[in-house]
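Down below is the structure, laid out as structure tokens.
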Amino acid sequence: MVNNTTDQNNKPETPVENPGIRAYLSKPFGIAVATIATATFICLIIALMVYSGSDTVADHKQSIPHEQQGFISANATNPYEEIEKDDLEDLVKIADLSLINTLKSADVSMSDLKLEDVTLKKHQGRYFHFQQLRFPLNGDKLNFVENIKKRLSAAGLSANIHKVSEGCWLLSINEVPTHKFFIDTAVQQEKPVAVIIDPNAPKMAIVIDDMGEDINFARGLAALDIKVTFSIWPNSSHVNKVSKIAKNSGNEIMIHLPMQPKGYPKVNPGADSLLVGMDSKTIQQRVVTAMNKVPYATGLNNHMGSRFTENLAGMSEVMIPLHPKKIFFLDSRTTAKSTARKAAKKAKVTLYERNIFLDNVKDVAAIKFQLTKAAKIARKTGQSIAIGHPNRETLEAIRQWSVEINGKIKVVPVKDLVPKS
């Protein structure tokens, strides 16, 4: 399927002479007015740049309209995942940030916030993570809970908190329980607890999508103490340079292939995307071209693709070129109805599935909390996969978290994990 666009009006505009305006601007009064107007405009732009929004649902989910979420140019990447209205997992992450900010206001250290359990649950066909948290608090617990409620309301969430038992509360979003948290009375420790290095630490892979545009970010990622996976967009401006940075630093490389989302064509996944209805030859050719553009890649995952990955016929064609090259497929799981596992099994392609998205909320503390979730899943199941994006907050969160885990989790390439098929 080829989408052609034609410029219906390729005639250049003819400038219109307006000597009257020129004459006016040549006068001292006209120059003064123009200068004031220009200065006012510049101040307005600076003010808009300084004010960067808050923690509301609208800020996180509507700051970039769907019709503007496509690629800026043929070589630009879209760092934003598909956004679906009232996606409970996204609302959970916004609630996480509200809770984290309330803890900060109460002078509770983030190192004292314990994620005791995380369970994958399903609501209206989509998955979200139910969390059990524990933290100490100096001060009135009921007042703290009221402050959380205020932040949740300010964030635009329809949320409710009720007391389950002494020291235990249940948080619900849209009447769906999402968080259980225990508040302990803070006790000062006389001696720091020694860190025990786990020789059999569970494995966790961290994948950074949309790589290939920002060389400095790639260098920062390569300089981390842990080895993360670079998932590089085939049409990115610096695909070869970023691939070499990853290769030379010993980081795993994947292909980040754009696929059709449910919001298409308003939501544009980018050039050379895989679209539902394409013939098998076109799909396979685009996959092969992508593999040729990203050297050293051992795997491939989907950018967007909530519509395409639900199409078994199309996904079956994707797997055909991967098998002879022994390239695995990582399902980013942008839809609960993905057919990737079935298609991969049929084609005998190694398949993995994403567990956690790290940075839908671009806040260092919130991203570290998502990393903690992924680590908790790894401890429960033996492994996990987290996907993030090239944001400075994501890089800083990974840098801090990698120091704090101190040997309790092994960050490994995706290929070192146990596949789903």
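Okay, here's what the table says:
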quantity: Residue identified as touching a Leu at 6+ places or on another chain (Cβ under 6 Å), in contact (Cβ under 8 Å) with a residue 24 or more places away in the chain and over 26 Å from L88 (Cβ atoms) among A344, A366; calculated: A344
quantity: Residue under evaluation P265, criteria (1) more than 20 Å from L395 (Cα to Cα); (2) at pLDDT 95 or above, criterion not met; calculated: (2)
quantity: Where a residue in region 286-299 is modelled with pLDDT of 95 or more and of a type in the set (V, I, T) and its partner, wherever it lies, is buried (at least 23 other Cβ atoms within 10 Å of the Cβ) and not in a helix (DSSP H, G or I), with Cβ under 6 Å and at least six apart; calculated: V294/I232; V294/P234; V294/I255
quantity: Among residues of region 103-145, those that are among the small types (G, A, S) and touching a residue at least 40 places away in the same chain (Cβ under 8 Å), counted; calculated: 4
quantity: Region 391-404: number of residues that are open to solvent by less than 20 Å² (accessible area, probe 1.4 Å), without any contact (Cβ under 8 Å) to a residue 40 or more places away in the chain and not aromatic (F, W, Y); calculated: 1
quantity: Number of the exception - T335 against (1) under 17 Å from the mean Cα position of the chain (by Cα); (2) under 20 Å from L221 (Cβ atoms); calculated: (2)
quantity: Hits in region 333-350 - residues which are of a type in the set (S, T, N, Q) and either in a helix (DSSP H, G or I) or open to solvent by 50 Å² or more (accessible area, probe 1.4 Å) (or both); calculated: T350
quantity: Some residue of region 223-233 being more than 21 Å from the chain's Cα centre (by Cα), surrounded by 13 or more Cβ atoms within 10 Å (Cβ to Cβ) and at pLDDT below 95; calculated: no
quantity: Residue match in region 138-153 (condition: at negative phi, touching a Ser or Thr at 6+ places or on another chain (Cβ under 7 Å) and in a strand (DSSP E or B)); calculated: no
quantity: Pick from region 279-313, criterion outside any helix (DSSP H, G or I) and hydroxyl-bearing (S, T, Y), ranking: least open to solvent (accessible area, probe 1.4 Å); calculated: S306
quantity: Region 154-175 - residue that is β-branched (V, I, T) and surrounded by 15 or more Cβ atoms within 10 Å (Cβ to Cβ) and, of those, nearest to K122 (Cα to Cα); calculated: I173
quantity: The one condition in (1) over 24 Å from E213 (Cα atoms); (2) open to solvent by less than 40 Å² (accessible area, probe 1.4 Å); (3) touching a residue at least 40 places away in the same chain (Cβ under 8 Å); (4) of a type in the set (G, A, S) that G388 fails to fulfil; calculated: (1)
quantity: From the options I94, I100, residue that is touching a His at 6+ places or on another chain (Cβ under 8 Å) and either basic (K, R) or in a helix (DSSP H, G or I) (or both); calculated: I94
quantity: Selection from region 314-332 of residues that are crowded, with 23+ Cβ neighbours inside 10 Å and among the aromatic types (F, W, Y); calculated: F329
quantity: Residue match in region 366-374 (condition: in contact with a His (Cβ under 8 Å, 6 or more places away or on another chain) and part of a helix (DSSP H, G or I)); calculated: yes
quantity: Set R341, R392, R379, R307: member being under 13 Å from the mean Cα position of the chain (by Cα) and not aliphatic (A, V, I, L, M); calculated: R392
quantity: Residue check, A218 in a helix (DSSP H, G or I), touching a helix residue (DSSP H, G or I) at 6+ places or on another chain (Cβ under 9 Å) and not hydroxyl-bearing (S, T, Y); calculated: yes
quantity: All positions within region 263-278 that are crowded, with 20+ Cβ neighbours inside 10 Å and touching a helix residue (DSSP H, G or I) at 6+ places or on another chain (Cβ under 6 Å); calculated: V267, L274
quantity: The lone exception for K122 - which of (1) open to solvent by less than 50 Å² (accessible area, probe 1.4 Å); (2) over 24 Å from I367 (Cβ atoms); (3) in a strand (DSSP E or B) it fails; calculated: (1)
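The values are calculated or read from the model by the stated rules, or taken from the named source; none is laboratory data. These figures come from a predicted structure and were not determined experimentally. Cβ atoms come from the backbone with ideal geometry, glycine included; neighbour counts cover every protein chain shown. All accessible areas refer to the heavy atoms of the entire protein, side chains included, with ligands and DNA or RNA removed. Shrake-Rupley method; radii C 1.70, N 1.55, O 1.52, S 1.80 Å.
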